[in-house]
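The values are calculated or read from the model by the stated rules, or taken from the named source; none is laboratory data. The structure displayed is predicted, hence computed values, not measured ones. Please note: Cβ atoms are built from the backbone with ideal geometry, for glycine as well, and neighbour counts cover all protein chains shown. Side chains included, ligands, DNA and RNA excluded: accessible areas come from the protein's heavy atoms. Shrake-Rupley method; radii C 1.70, N 1.55, O 1.52, S 1.80 Å.
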Amino acid sequence: MIVSLADESHVGDVVEMLETTRLRYQEYQPVFWRKAPDSANSTKEFFLSAVDETGTLFLIAADKGELLGFLIAREIPTPQVYAPGGRTYLIDDFCVASSDHWISVGALLLVDAGSRLKEAEASQIVVVCGDRDIPKAELLRRQGLTIASNWWTSPLT
């Protein structure tokens, strides 16, 4: 298995993987994670721009040409009231082909991203994980990440 920078040829498969994840997350929290009807097309456009975007790291993990996972880290501004000691990267889009791949494929992606971002003088990563995504949360725990915040939501209907 190899981890490498994504290019435009990977975007279609990445979007397909993310759409599957969105359907699962929608089951976890049907209002907050409700998938938009045209999410695949808007995501494809967004990811195509992310491939070469400054301040964005877009990695894929593949084995023999088969996409097994991907991770996108985007530099975000740190609120002026906090001083983490350097730049912050948000890892929001981070998926694997199967939940049993988190400990292997997910770990390789996260370690590779961490190394690259540290070389780029980042001081921290922030990783999004749905509340009921237990396999992903277990990977994050095993990799030494800690929970900094929880978002609580309620539909206003």
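Things to note:
- Conditions (1) of a type in the set (Gly, Ala, Ser); (2) open to solvent by 40 Å² or more (accessible area, probe 1.4 Å); (3) in a loop (DSSP other than H, G, I, E, B): number failed by GLY130: (2)
- Output for the range 1-46, where each listed residue is closer than 25 Å to ALA61 by Cα, among the basic types (Lys, Arg) and open to solvent by 70 Å² or more (accessible area, probe 1.4 Å): ARG24, LYS44
- Of the residues making up the range 58-100, those that are without any contact (Cβ under 8 Å) to a residue 40 or more places away in the chain and open to solvent by 20 Å² or more (accessible area, probe 1.4 Å) number 19.
- Contact map, the range 32-54: residues that are within 15 Å of THR20 (Cβ to Cβ) and in contact (Cβ under 8 Å) with a residue 60 or more places away in the chain paired with residues that are open to solvent by less than 90 Å² (accessible area, probe 1.4 Å) and of a type in the set (Lys, Arg), Cβ distance under 8 Å, separation 6+ or inter-chain. Pairs shown: TRP33/ARG22.
- Taking the criterion of being at negative phi, exposed (fewer than 12 other Cβ atoms within 10 Å of the Cβ) and of a type outside the set (Phe, Trp, Tyr), the residues of the range 142-157 that qualify are THR146, ILE147, ALA148, SER149, ASN150, THR153, SER154, PRO155, LEU156, THR157.
- Condition check for ALA61: under 22 Å from THR20 (Cβ atoms) and hydrophobic (A, V, I, L, M, F, W, C): yes
- Tabulated pairs, the range 136-157, first among the hydroxyl-bearing types (Ser, Thr, Tyr) and in a loop (DSSP other than H, G, I, E, B), second modelled with pLDDT under 95 and open to solvent by 80 Å² or more (accessible area, probe 1.4 Å), C-beta under 6 angstrom, 6+ apart or interchain: THR153/PHE32
- The residue that is nearest to PHE94 (Cα to Cα), among those in the range 6-37 that are over 15 Å from the mean Cα position of the chain (by Cα) and small (Gly, Ala, Ser), is GLY12.
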